[in-house]
Structures are given as C-alpha cells and as structure tokens.
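Notes to accompany the following structure.
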Amino acid sequence: MSAGPYNYSYIFKYIIIGDMGVGKSCLLHQFTEKKFMADCPHTIGVEFGTRIIEVSGQKIKLQIWDTAGQERFRAVTRSYYRGAAGALMVYDITRRSTYNHLSSWLTDTRNLTNPSTVIFLIGNKCDLEGQRDVTYEEASKFAEENGLLFVEASAKTGDNVEEAFLETAKKIYQSIQDGRLDLNAAESGVQHKPSQPGRTNLNGDQAGVKDNCAC
Amino acid sequence: MSDSTKQHVLSKRLNKILESRLENDQDTIEALRELSSFYTENTLQARRNLRSQIEKRNLEINRDFLTSFKAIKDSFEVVYNDIADMNKSVLEMTQQLRNAKAQTKNLLQKTSALQEEKSKVEFQQDLTKAVLLKFELQPEDLKLLYGEPHRKDNPITLETFKILDKIHETHSNCTVLMQAGMQTLALDIMEQMTLHQERVLEIVYRWTLSHCRNIDNVEFQEILAEAMRRLQERIVLFKYVIDEYCVCRRSYLVGEFLNALTKGGSSGNPAPIEMRAHDPQIYVTDMLVWINRAIPVEKQNLKLLVKSCNQSGLEELLNNALANICEGVCQPLRIRVEKILNVPTQPATLYAIVNMLRFYKKCINKVVSGGLLEETFVALLQKSERTFIETLQKQVNTLLVRVETPPRDLSPTHAILNLLAILRDMLSTASMSEGRETDMVKIAGTVMEPLFKAVNEQASRLPPTDMAVYLLNCMYSMYTCLSLHEFMETRLERLQAQSDAQIDTLTSEQASSLVANLSLGPIYTILQDHSHGPLSGVPGMEPSNLRNFLSKLDNLLSQPDSILLPQINLLASSKHKKAVQKRSFAVLLAIYKQLYEAVHNPENLYENPAEILSKTPDELSRIFE
C-alpha cells in the first residue's frame with residue numbers, strides 16, 4: 001500500500017448544511033471531483049467526500065459530510081455536527097425561503113458544534129443572477145452580524161467553491177496556530193495524526209497489543 | 001779392275017739369286033704353280049719352247065682378259081645408259097617435285113587457315129551452346145513450366161521453382177553479359193526472362209490462389225510455402241493470395257464453430273456446445289475455450305503458409321490476416337453471449353462470465369490483436385460488465401425495496417445482512433479476478449450506496465439513541481465485511497468517521513442520562529455560574545444535597561450495568577460499547593472533578609469537605625476503569 005494518501009498532517013472535518021435543494025451535494029462534488037453534477041438525487045442521511053488540500057505548506061485532508069436537507073433526516077445528520085471543525089451553511093440565492101431558514105440552521109450549528117467551529121455562509125447558484133431573490137448586501141450583513149464568513153458561489157460554474165473550502169481550512173488552521181483549538185478534544189473536528197482507516201487500523205491495534213506484551 | 005767389278009756385280013746377282021728364298025715369294029710360287037699346269041714334260045723341246053709357250057700363254061691370257069673386259073665394258077655401258085636414263089628421270093622428277101612443292105605451299109597455307117578458322121568456329125559453337133544452356137530455357141523446362149499445351153491445370157511442383165530460380169539467376173547473370181559489352185543480347189535475354197518470370201509467377205499465383213485453402217494438407221505445404229516465398233516479390237499478388245486465404249479460412253472457421261455449437265464432434269463426442277446452453281457459465285466457457293483453441297491453430301497454419309517468406313515487415317500483415325480470419329466467429333459468438341446477457345441471471349454467474357471474457361480476451365489477444373474479434377470482446381466485456389452491475393443493482397434494490405423497521409435488538413435487518421453476505425461473496429470472487437481493484441470498488445459501490453441509504457432511511461425513523469445504536473451496528477457489520485478486502489480504504493474511512501460521529505452522539509446521550517440519573521444537572525449549572533457567593537450557601541449545593549448525590553453515585557457504581565442506557569448493551573461491537581462507556585464516564589468524571597475542587601475550595605465555605613465528597617477524582621476514575 002502506498003503511503004501517498006496518508007501523506008498529510010491534519011484531518012479537518014467539515015459539515016455542509018442547509019435547506020433541501022440548495023446544492024450542498026453539488027458543491028461537494030464540484031470541490032472533490034471538479035465537475036458539476038447536473039441532476040443530483042436527494043441525499044439520504046449523509047454523503048461523504050474527501051480531498052487533500054494544502055494550507056501554509058501543510059497537507060490537510062478534508063473529510064466532508066454532506067448532509068441531507070430533508071427534515072426527516074435531521075436526527076441522522078445531527079450526529080455529524082459534533083465533530084465538525086468547519087460548517088458550510090448553504091442557501092440558494094434564488095429562493096428566499098432557504099435564506100430565511102438560515103437562523104434556525106445557525107442555532108442548530110451553534111448548539112451542536114463547539115465554539116471554535118468555523119462557520120462559512122455560502123450563497124449558492126450565483127450563476128443564476130437573473131433569478132436572484134436574496135441580495136448580496138443583505139446576506140453579507142447577516143453574516144457580519146453573526147460573525148460568519150460569507151461568499152456567493154456557484155457549484156455549476158465552480159466560482160468561489162474552492163475558495164470557500166480553502167478559506168474555512170485556513171481559518172481552522174489559524175485557530176490551531178493560535179492555540180484556540182484544542183487538538184486533543186474529541187469534538188474539535190481536527191486530528192493531528194492521520195488515523196489510518198480500514199484494516200491498517202486493526203493491524204495497528206494488534207501492534208499495540210504486542211507492544212504491551214513486550215512490556 | 002773392270003773384271004773384278006764385273007765379277008763383283010755378277011757375284012752380287014748370284015748371291016741375290018741364291019739368297020732369294022723362293023719358298024717365301026708367294027708370287028714366284030704362284031707363278032711356278034701356274035707353270036706346272038702346262039709344263040708337263042721336261043723335254044728339250046719343251047725347254048726351248050718354254051719361252052714362247054709362256055709368251056703365248058701370256059698373250060692368250062691377255063686376249064682372254066681383253067674379251068672378258070670387253071664384256072664388262074659393254075655391261076658397264078649398258079649400266080651407264082641406264083643410270084643416265086635414271087638420272088634424267090630423277091631430274092625430271094625433281095623438277096616435277098619442285099613444281100609440285102611450289103604449288104602445295106599455297107594449298108597448305110589455305111588449309112591451315114581453314115583449320116584455324118574451323119577451330120575458332122568450333123570454339124564459338126561451344127561458347128554459344130554454353131551461353132544458350134545458361135541463358136536459355138531448355139525445352140523440358142518449358143514443358144515443365146507451361147505443361148502440355150492442351151492441359152489447362154498444370155500442377156506446380158518443386159521443380160517449377162527450380163526453373164524459376166534459374167530464370168531469376170539468368171536474369172541476374174545478364175548484368176555480367178551487360179558488363180561484358182553484350183548489351184543487346186543481355187537486354188534480349190533479360191526481356192525474355194522477365195516474360196517467363198511473369199508468366200510463371202502468374203501460373204504460380206493462380207495455382208496458389210486455388211490451393212491456399214489446403215494449407216493443412218501436408219502434400220501441399222512445401223509447395224505452398226515456396227510459392228508464397230516467390231509471390232512475396234509481387235506484393236500485390238501476395239496480398240491477394242493472403243486475402244483469398246483469409247476468406248477461405250474464415251468461412252472454414254465459422255463452419256467449424258457452428259458445427260461445434262450444433263453438431264459436436266463426430267458421433268456426438270464431444271457433445272455440441274449448445275447442449276448445455278441452459279447453463280450460461282458453461283455455455284460461454286465452452287464457446288470461448290473453443291475459440292481460444294482454434295485461433296492458435298489458424299495462426300500455425302498461416303505461419304506454415306509464409307514460413308519460407310522473408311519475415312521482416314510481415315508481422316502486421318499476418319496479424320491483420322489472422323484478425324480477418326477470426327472475424328467470422330465474432331457474429332455467432334456475439335449473438336449467443338448477448339442472448340445470455342439479456343436473460344435474467346444471477347449476478348454471481350454474470351460476474352463469472354465477465355471474468356471469463358476478460359481472461360480469454362487476454363489469452364486471445366496474445367495470439368491475435370486488433371480486428372473485429374477484439375472489438376467484439378471489448379463490446380461483450382463492456383456489455384457483460386454493465387449487465388452485471390445492473391443486475392446487481394436490481395438485486396440490491398429488490399432486497400431493499402421495503403424499508404423494514406429495525407428489530408427490537410437494533411441489529412441489522414435480515415435484508416441488510418443478506419446483502420452484506422452477497423457483497424462478501426462477490427468481493428471474495430472479485431479479489432481473485434484480474435481487474436480486481438476497479439471491480440471491487442465498483443461492486444462495493446453498487447451494494448454499499450443503496451445499503452447506506454436504506455440504513456439511513458431506517459435509522460431516521462428511530463429515536464436518537466436507537467438510531468445511533470442501529471447505525472453503529474449496521475456500520476459495524478459493513479466494516480467487518482469490507483475490512484477483509486483490499487481497496488476498501490475510502491469506504492472504511494467513511495464508515496470509521498460515521499461510526500465516530502454516532503459514538504459521539506451516543507456518548508452525549510449516555511452522559512446526559514448519567515447526569516440526569518444523578519441529578520447532577522442543576523449542580524453543573526451552578527458550578528458554571530461564578531456570579532454568586534460561596535457555593536455552600538447556594539440552594540441545591542447544600543452539603544446534604546451533595547451527600548445525596550454521592551450516595552446515588554455509590555449506588556450506581558455498585559451496579560455498573562444499570563448506569564448504562566439499555567441500548568448501549570445492544571451494540572454489536574464491544575469496542576464501540578467500551579468507547580461510549582469510557583467517554584461518558586469521562587464527562588461525568590470531569591464534572592465530579594470540578595465539583596470536588598469547588599467543595600475543597602475554602603472560598604466556598606464547606607465544612608469538612610473531605611467528609612462530603614469522600615472520593616477523590618482519582619479514586620473515582622479508578623473505579624470507572
């Protein structure tokens with residue numbers, strides 16, 4: 001097995017939240033695959049994506065949970081807030097209702113995540129300027145009031161998608177550097193050493209047992 | 001004196017006579033003997049007459065002599081005349097000879113000139129013969145080449161090629177002629193040879209064209225190989241022959257394939273392949289095995305055909321030819337395999353077919369690459385892979401069509417375990433196949449994605465604790481199933497992360513349940529609030545209340561199982577269970593520690609703090625362990 005995929009120093013956990021149909025899965029797909037998924041099915045429960053990025057010369061693996069927007073999965077998706085270092089809160093600039101629900105999403109996030117979780121507000125579908133229903137200024141003001149980062153992006157064209165994910169990572173990385181984020185806390189959403197998943201994990205455990213025996 | 005001298009002379013004479021020894025004088029003896037022949041009587045008479053008689057006799061003898069001599073003289077004269085005559089004749093003859101000689105010399109010169117010419121001519125004749133032998137085809141050769149004029153199909157033999165060689169050689173020899181200055185002749189011969197060559201090649205070409213199909217006949221192999229070698233010089237003809245060969249062999253191969261499919265071997269052994277068409281796996285295998293066996297034979301044959309040819313640059317041509325030959329079997333194979341793929345079949349069987357196609361595609365590709373056969377294989381492979389995944393999807397969807405309520409013990413439902421068993425089987429098969437990585441990832445994706453969705457769907461209908469436990473149990477089953485195989489890292493990572501999230505949920509549920517059971521909630525809230533005065537005075541923080549809490553804690557600690565949520569015991573993985581337990585206790589411990597420190601803080605004015613909270617946090621943590 002090549003060491004390639006594990007060649008990173010941190011794992012950051014992200015969660016993408018927001019109303020149904022605002023384009024959460026498309027944003028994830030655009031970010032991980034650099035492609036636009038035209039007719040994306042409704043997410044059931046959670047979807048998962050990873051990508052390794054670089055921040056200040058450090059390789060960081062992003063583990064991104066793309067949650068279902070449907071209300072009935074709220075119980076399932078809530079489990080994933082807890083361990084998130086970054087939360088991308090998405091609304092659709094062409095549908096006011098999705099914007100209006102932001103405060104309830106924000107409450108949920110604030111309640112379920114730890115205080116150092118970076119929350120990034122994304123107004124998706126900015127390619128559909130003609131159908132705009134929420135102005136940039138309004139959303140920008142909302143973000144400012146609530147201390148959120150904000151950008152308007154398009155999963156279709158890829159505009160600002162990369163930036164949103166990277167900005168969040170930079171912010172988290174900065175928190176680590178400043179010591180505001182306790183890496184040892186289980187809920188920080190950041191792991192320093194990559195825990196190798198899969199069978200390697202089992203092997204690791206066995207190795208641990210052997211070490212104990214040697215003592 | 002005179003007297004004495006006379007006397008002396010006389011005496012001398014006398015002496016002489018006396019001294020002369022008559023017996024010694026031959027002449028005297030002869031004379032005396034003669035005398036005795038006629039002086040027979042010693043008488044006076046006789047004495048007196050002696051002289052005359054002697055003289056007479058002398059005369060007579062002389063006369064005799066004369067006569068005799070005369071005769072001799074006559075004879076001599078005759079001889080003389082004769083000789084004179086002879087001399088005359090000889091002279092004449094000499095003259096004549098001399099004349100003749102003079103005349104002959106001319107003739108001789110002429111003769112020798114002629115002779116010289118003759119030998120020259122003879123030499124030239126030899127030369128010409130040699131040249132003709134070398135530069136002309138002999139009648140028997142011609143007969144061999146072009147056969148009897150009335151016969152149309154003249155068989156080609158190895159002799160033909162010898163003559164062809166000769167023609168060729170002659171042709172190249174002409175350059176020597178050319179250098180020797182005989183351009184006209186050389187050009188003539190060259191032209192002639194070229195004509196012959198063309199004609200012979202034409203014949204060879206026609207013959208090869210009609211006989212190339214018989215390559216597996218030993219009788220023809222040599223000749224065909226030789227013919228192909230010759231035809232290689234005429235690349236167009238060569239290609240025509242190869243094309244014709246391909247056409248023949250192609251139809252032969254199709255025929256054989258159809259025979260193997262429908263008739264089987266002679267007297268039904270082996271049985272026709274279609275006899276077992278009801279078993280798709282065997283059916284497809286049999287067909288592929290047949291093709292895999294037949295193609296190398298065709299390659300062998302093709303090689304036999306061109307074995308004497310110059311092999312350089314022939315590879316592509318041969319490969320194309322072989323691909324061409326194999327084209328025939330594509331259609332029947334394709335139709336049959338597609339038919340099988342169109343009938344609903346078990347995914348496992350389809351997967352076996354996919355692997356079979358892959359394997360034989362690789363095998364056959366080693367023998368012949370490109371062409372319709374490869375295309376067919378690629379198409380069939382694509383189709384079978386697609387059908388396999390589609391069928392698998394269908395099976396998964398059928399199994400998951402109904403969203404079952406999870407059982408009361410929160411273990412994965414039957415459908416989920418069933419699907420995981422299918423996945424396990426499929427993955428173990430795939431782990432031994434050729435393109436295992438892509439296959440396994442694809443299979444796992446096909447099964448796991450809908451499975452995940454179904455599990456989430458099921459879980460979303462449960463209360464939070466049940467949901468977390470059910471999800472953890474399902475993910476544990478998935479994890480165990482996938483962790484046995486390679487290339488599942490991404491999925492395992494995801495499962496791991498998802499499990500962690502659910503463990504967090506459970507931990508928080510468990511911790512809050514502990515806090516609630518111990519009525520620790522208000523105490524914790526008060527501890528967080530630093531605005532009020534000494535804690536001992538705050539309602540709810542009285543020592544009695546704290547003792548109450550402590551007794552509850554002791555109570556719990558005596559029955560460790562009772563402090564756990566009932567659902568935690570339903571976790572399938574003891575590791576998960578331990579993690580939840582440990583982490584929820586850690587939460588409890590943290591609060592206790594805060595409380596302990598607060599109680600022991602003199603600012604809070606507790607009396608006998610050691611009595612109120614008898615256990616130090618360290619002691620408590622040891623108990624938890």
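What ranking do A:CYS126, B:CYS474 get, fewest neighbouring Cβ atoms within 10 angstrom at the top? Each step should come with its number before you reach the end.
Numbers: A:CYS126 21, B:CYS474 30.
Fewest-to-most Cβ neighbours within 10 Å comes out as A:CYS126, B:CYS474.
Report the net charge of residues surrounding B:CYS212, where surrounding means a beta-carbon distance below 14 angstrom and charges are Lys +1, Arg +1, Asp -1, Glu -1. Before the final figure, lay out each step's value.
Details: positive: B:ARG206, B:ARG213, B:ARG229, B:ARG230, B:LYS239, B:ARG249, B:ARG250, B:LYS303, B:LYS307; negative: B:ASP216, B:GLU219, B:GLU222, B:GLU226, B:ASP243, B:GLU244, B:GLU298.
Net charge around B:CYS212: +2.
Dipole size in debye (nearest 20) for region B:508-624 around its Cα centre, Lys and Arg Cβ +1, Asp and Glu Cβ -1? Write out the running numbers ahead of the final one.
Values: 10 positive and 11 negative charges, 139 e Å.
Magnitude of the dipole: close to 660 debye.
Looking at chain B, I'd like the Rg to Rh ratio, where Rg is from alpha-carbon atoms and Rh is Kirkwood's inverse mean 1/r.
Values: Rg = 72.4 Å, Rh = 40.5 Å.
Looking at chain B, the ratio lands at 1.79.
Using label points projected 7 Å from each Cα along Cα→Cβ, tell me how many nm separate A:SER9 and B:GLU159, to one decimal.
Using points 7 Å along Cα→Cβ, the separation is 9.3 nm.
If you fit an axis through the alpha-carbon atoms of helix B:218-231 and take the longest principal axis of the Cα set of chain B, what angle between them do you get, 0 to 90°, nearest 10?
Helix B:218-231 sits at roughly 80 degrees to that axis.
Between B:ILE61 and B:ASP25, what is the label-to-label distance in nm when each label sits 7 Å out along the Cα-to-Cβ direction?
Modelled inter-label distance: 1.5 nm.
As I understand it, the dipole of chain B uses +1 on the Cβ of Lys and Arg and -1 on the Cβ of Asp and Glu, about the Cα centre. Which of B:GLY264, B:ILE563, B:LEU158 lies farthest toward its positive end?
Looking along the dipole axis, the top candidate is B:LEU158.
Take the Cβ-Cβ distance between B:VAL587 and A:ASP133 as r, set R0 to 45 Å, and report the resulting FRET efficiency rounded to the nearest 0.05. All intermediate terms of the calculation are to be shown ahead of the outcome.
Numbers: r = 44 Å, r/R0 = 0.97.
According to the calculation, E is roughly 0.55.
Determine, for B:ASP561, A:ASP133, the number of other Cβ atoms within 10 Å of each Cβ, and report the residues in order from fewest to most. Let's see the in-between values first.
Values: B:ASP561 8, A:ASP133 15.
Fewest-to-most Cβ neighbours within 10 Å comes out as B:ASP561, A:ASP133.
As I understand it, the value is the acute angle between the Cα axis of helix B:347-367 and the longest principal axis of the Cα atoms of chain B; what does it come to in degrees, rounded to 10?
20 degrees
Hey, for a label at B:SER551 modelled as a point 7 Å past Cα toward Cβ, could you say which residues of region B:585-625 have their backbone N under 12 Å away?
Label zone hits: none.
Which of A:PHE150, B:LEU333, B:ALA46 sits farthest toward the positive end of the charge dipole of the protein assembly as shown, with +1 on the Cβ of Lys and Arg and -1 on the Cβ of Asp and Glu?
In the protein assembly as shown, that residue is B:ALA46.
Suppose every K and R has +1 on its Cβ and every D and E has -1 on its Cβ; what is the size of the dipole of chain B about the Cα centre, in Debye to the nearest 20?
2560 debye
Rank the residues B:ASP286, B:ASP188 as a footprinting-exposure proxy: fewest other Cβ atoms within 10 Å of their Cβ go first. Please list the in-between numbers first.
Working: B:ASP286 21, B:ASP188 14.
Fewest-to-most ranking of B:ASP286, B:ASP188: B:ASP188, B:ASP286.
What does DSSP give for the protein assembly as shown in terms of the percent of beta bridges that are antiparallel, rounded to the nearest 5? Walk me through the numbers on the way to the answer.
Working: 12 of 35 bridges.
The answer is about 35 percent antiparallel.
Could you work out the relative contact order of region B:315-385, using alpha carbon pairs under 8 angstrom and six or more residues apart, expressed as a whole percent? The partial results should precede the final answer.
Numbers: 44 pairs, mean separation 38.2, N = 71.
Relative contact order, region B:315-385: 54 percent.
Could you compute the FRET efficiency for B:ALA271 and B:TYR146, with r as their C-beta to C-beta distance and R0 at 60 Å, rounded to 0.05?
Working: r = 52 Å, r/R0 = 0.87.
Plugging the Cβ-Cβ distance into 1/(1 + (r/R0)^6) gives 0.70.
Aspartates and glutamates near B:LYS143 by alpha-carbon distance under 14 Å, same-chain residues fewer than 8 away left out - which ones?
B:ASP153, B:GLU159
Ranking request for peptides B:442-455, B:305-318: highest mean number of other beta-carbon atoms within 10 Å first, then the rest in descending order.
Details: B:442-455: 21.0, B:305-318: 14.3.
Per-residue mean Cβ counts within 10 Å order the peptides as B:442-455, B:305-318.
What does the convex hull of the Cα atoms of region B:292-421 come to per residue, in Å³, rounded to a whole number? Intermediate values should be presented prior to the final figure.
On the way: hull volume 13.4 nm³, N = 130.
Per-residue hull volume (Cα only) is 103 Å³.
Mind checking which lysines have their Cα closer than 21 Å to the Cα of B:LYS16? Skip sequence neighbours fewer than 8 apart in that chain.
Within reach: B:LYS6.
Set the Förster distance to 60 Å, then compute FRET efficiency between B:LYS6 and B:TYR80 from the Cβ-Cβ distance, nearest 0.05.
Values: r = 57 Å, r/R0 = 0.95.
The pair B:LYS6/B:TYR80 has a calculated efficiency of 0.60.
Taking the Cα centroid of region B:87-135 and of region B:410-489, what is the distance between the two, rounded to the nearest whole Å?
What the calculation gives is 121 Å, centre to centre.
Find, among the GluC sites (Glu not before Pro) in region B:342-417, those assigned to loop by DSSP (not H, G, I, E, B) with at most 14 other beta-carbon atoms within 10 angstrom.
Numbers: sites: B:GLU374, B:GLU375, B:GLU385, B:GLU390, B:GLU404; in loops: B:GLU404.
Qualifying residues, ordered by number: B:GLU404.
What is the angle, in °, between the Cα long axis of helix B:371-399 and the longest principal axis of the Cα atoms in chain B? Nearest 10 is fine, range 0 to 90.
Here the helix axis deviates by roughly 20 degrees.
Give me the distance in nm between label points sitting 7 Å out from Cα along the Cα-to-Cβ direction at B:VAL236 and B:ARG51, one decimal.
14.7 nm
If you place +1 on the Cβ of every Lys and Arg, -1 on the Cβ of every Asp and Glu, and leave all else neutral, what size is the dipole of the protein assembly as shown about its Cα centre, to the nearest 20 Debye?
Values: 96 positive and 104 negative charges, 580 e Å.
Using Cβ point charges on Lys, Arg, Asp and Glu, the protein assembly as shown gives about 2780 debye.
Per DSSP H run of n ≥ 4, the term is -39500 (n - 2.57); total these for chain B, divide by its residue number, and report the mean residue ellipticity at 222 nm rounded to 500 deg cm²/dmol. All intermediate terms of the calculation are to be shown ahead of the outcome.
Values: 21 runs with 481 residues, N = 625.
Helix-only estimate at 222 nm: -27000 deg cm²/dmol.
Measure out, as a whole number of angstrom, how far apart the alpha-carbon centroids of region A:114-182 and region B:498-515 sit.
Here the answer is 29 Å between Cα centres.
Here, each number is a calculation from the coordinates, and none is a lab measurement. It should be emphasised that the depicted structure is a prediction, and the values quoted were computed from it without experimental measurement. Please note: Cβ atoms are built from the backbone with ideal geometry, for glycine as well, and neighbour counts cover all protein chains shown.
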